[in-house]
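One structure is given below, encoded as structure tokens.
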Amino acid sequence: MKSPAITTTTTRVHALSVVFSAALLWLASAALFAQDERFVAGVHYQILHQAQPTQSGEKIEVVEMFWYECPHCYRLEPFISRWLQTKPQHVAFVPVPAILNRSWEFDARMYYTMQALGIDEALHTEVFKAIHEVRRPLRTLEQFADWAAEHGADRATLLAAFDSFAVQNKINFAMLMSRKYGISGVPAIIVDGRYRTSVSLAGGQAKLIEVINHLVTLAAEQRSG
């Protein structure tokens, strides 16, 4: 027959074991819940009141609204560059220069002029570096043309493209989408014309990349469902 002391000790150990197991189960459940609910609409991203058409066909479109003079856009650029190296094949990345006021139009025109010349991918990051690292002013057409020529662009072709009809059409598009996406600041990310997020909403540049991937998955599920 067991002594009362041994019985009491055994009971206590069993009770502690039950409590400990329950605690582990609660922590595991909480961790699973946190994993499922780590990105929440209205907190980490917003759902657009009206979904906007995309330009990327069957691919999930990720739009980055940016402004070259924006230091936050400059700091996000390395994270976007790394993400582009690993993004899924069914995702299309589309940079769109935001135009929230007339003073931003010049930067948008720089981007679309480079795009017209087929040098946007090569020089997009270089514009950020010139403005934020070298502190080189790119605020006039002459300054931009001189800088682009130093990077291999044909100056005469660039000057002709800057005020061209094709570039103006894209400027009009950027103005329109800046309004339709409902952005009030940059950088802003629009996924599949449905979701809007940003560095501040996501909680940092690295978290923004996670939110983008999450929204890409959501968009793909919506398309298939």
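The values are calculated or read from the model by the stated rules, or taken from the named source; none is laboratory data. As the structure is a computational prediction, the values presented were derived from the model and not from experiment. Methodologically, a virtual Cβ is constructed for each residue, glycine included, from the backbone with ideal geometry; neighbour enumeration extends over all protein chains shown.
Here are a few things to note about the model shown:
- The one condition from (1) surrounded by 14 or more Cβ atoms within 10 Å (Cβ to Cβ); (2) out of contact with any Pro (no Cβ under 7 Å at 6 or more places or on another chain); (3) aliphatic (A, V, I, L, M); (4) within 16 Å of residue 95 (Cα to Cα) that residue 176 does not meet is (1).
- Selection from segment 179-198 of residues that are farther than 24 Å from residue 222 by Cα and either part of a helix (DSSP H, G or I) or among the charged types (D, E, K, R) (or both): 179
- Pairs where the first residue, in segment 121-146, is within 14 Å of residue 107 (Cα to Cα) and the second is polar (S, T, N, Q), C-beta under 6 Å, 6+ apart: 137/143
- A search for C-beta distances below 7 Å between a residue of segment 60-87 that is assigned to a helix (DSSP H, G or I) and any residue that is at pLDDT below 95, counting only pairs 6+ apart in sequence or on different chains, returns nothing.
- Considering the conditions (1) out of contact with any Gly (no Cβ under 6 Å at 6 or more places or on another chain); (2) at pLDDT 95 or above, residue 30 is excluded by exactly one of them, (2).
- Count of segment 33-65 residues which are surrounded by 10 or more Cβ atoms within 10 Å (Cβ to Cβ) and at pLDDT below 50: 1
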